[in-house]
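Take a look at the structure below.
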Amino acid sequence: MRADRLVSLILLLQNRGRMTADRLAAELEVSVRTVYRDVEALGTAGVPVIADRGPEGGYRLMEGYRTRLTGLTGAEADSLFLLGAPSAARDLGLDAVLATARHKLRAALPAPLAERAERVRDRFHLDASGWFRDAEEVPLLAEVTEGVWERRVLRVLYRRRNTEVERELWPLGVVLKGGTWYLVASVEAGDERAVRTYRVSRLSSVETTGEVFERPTGFDLVSYWEESARRLEGSVLRGRARLRISPRERELLPMRFGAVGVRALKGAGPPDERGWVEVEMEVEALAVAVGDLLRMGTGAEVLGPEELRRAVADEVAALGRLYEGRDRGGGGDRGGPVWLREMSGSSGLA
């Protein structure tokens, strides 16, 4: 790791010129004291690093000195596909390797192209995590990824609801979706093998068997994932709801429901005198749809189907009884809405 860091330090000074110790420490993600030690080590090794003192000071390479350490290692080349996703590289343990690869690439480019590449890096950033939630802990992601790289059969324990199951998997790829890591793997299913998706955070243990497998002929990770996502969406979105929504909810619909909300707005009817519009939106099963629609509060009215309208009305009535009981000093209807009992019980909320 230190050798990679020393190479990165040289390339930073070669590419950018004079840099302060603080700036170098930030780029290399180390302490300033470590930068001092690394600069001393480079000087001992014969690399002409010059320290300029004063307000405009910093470290620089001697005029005319250029390193030839611009060839990519195998690991650095592998990491290049993550250039636009630093958080993903960090999860995979490739952030230091990726930084070195980026510095080597810049050093190898002609000056005009290197400057353009640096502008792109300064102006565009991809954040793959979701809003308003902490990233999932994926302590076994490195083991999973190694299995993918090396085509090693993995023996895993996977948490499914309240039980754990043991599986022997051929790891075919990893996917980062909305801040969540998934493992795509081939598993025995009867007399055949089938491709399945596993959430990496639900893996309790991962053991490499040492056995090497052959990837299925013609398997394409991107195509599999896109088709799998379409199937999942089709199985989850089981119905359609007709809604009348306020101007504020029109603005919030894409944020609340993502692509489903965007599609609903495209088919919205003309606004009435108050700016409310009617939309038709895909929804999940009845129990889930009721909870989702109640998030919109008084900014939405369910027009149909009648079963969904009645279910929302029943939940609202039960919620009213609960709060009415609280206001009177009672405990309310503790047998009220299922989703509310779950919130007040299992989630630990008072």
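The values are calculated or read from the model by the stated rules, or taken from the named source; none is laboratory data. Keep in mind that this is a model prediction, so the values were computed, not measured. Neighbour counts run over all protein chains shown; Cβ positions are idealised from the backbone, glycine included. Protein only, heavy atoms only, side chains kept; ligands, DNA and RNA dropped before computing areas. Shrake-Rupley method; radii C 1.70, N 1.55, O 1.52, S 1.80 Å.
Every condition in (1) of a type outside the set (A, V, I, L, M); (2) modelled with pLDDT under 90; (3) assigned to a helix (DSSP H, G or I); (4) surrounded by 14 or more Cβ atoms within 10 Å (Cβ to Cβ) is met by D122 except one, and the failing one is (4).
Residues are listed down the side, and each one gets a yes or a no for (1) acidic (D, E); (2) over 20 Å from V175 (Cα atoms); (3) open to solvent by less than 40 Å² (accessible area, probe 1.4 Å); (4) more than 25 Å from the chain's Cα centre (by Cα):
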| position | (1), (2), (3), (4) |
| --- | --- |
| L221 | no, no, no, no |
| G239 | no, yes, yes, yes |
| R244 | no, yes, no, yes |
| A259 | no, no, no, no |
| R263 | no, yes, no, no |
| G269 | no, yes, yes, yes |
| M281 | no, yes, yes, yes |
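Figure legend. Inter-residue proximity from the range 304-326: first residues free of Cβ contacts under 8 Å to residues at least 24 places away in the same chain and open to solvent by 50 Å² or more (accessible area, probe 1.4 Å), second residues assigned to a loop (DSSP other than H, G, I, E, B) and charged (D, E, K, R), beta-carbon distance below 8 Å, spacing 6+ or different chains. Indicated pairs: R321/D333. Exactly one residue out of E188, E214, E227, E192 is more than 16 Å from V144 (Cβ to Cβ), open to solvent by 80 Å² or more (accessible area, probe 1.4 Å) and out of contact with any Lys or Arg (no Cβ under 9 Å at 6 or more places or on another chain): that is E192.
On the basis of being within 15 Å of R240 (Cα to Cα) and either open to solvent by less than 90 Å² (accessible area, probe 1.4 Å) or modelled with pLDDT of 85 or more (or both), does L293 make the cut?
It is true that L293 is within 15 Å of R240 (Cα to Cα) and either open to solvent by less than 90 Å² (accessible area, probe 1.4 Å) or modelled with pLDDT of 85 or more (or both).
Restricted to the range 1-60, and to residues there that are part of a strand (DSSP E or B) and more than 34 Å from the chain's Cα centre (by Cα), the residue that is surrounded by the fewest Cβ atoms within 10 Å (Cβ to Cβ) is D52.
If you filter the range 195-211 down to residues that are over 19 Å from the mean Cα position of the chain (by Cα) and either open to solvent by less than 50 Å² (accessible area, probe 1.4 Å) or not charged (D, E, K, R) (or both), you find that the one that is farthest from G261 (Cα to Cα) is G210. Across the range 172-185, what is the total count of residues that are small (G, A, S) and either open to solvent by 40 Å² or more (accessible area, probe 1.4 Å) or farther than 24 Å from R161 by Cβ (or both)? Summing the residues that are small (G, A, S) and either open to solvent by 40 Å² or more (accessible area, probe 1.4 Å) or farther than 24 Å from R161 by Cβ (or both) in the range 172-185 gives 1.
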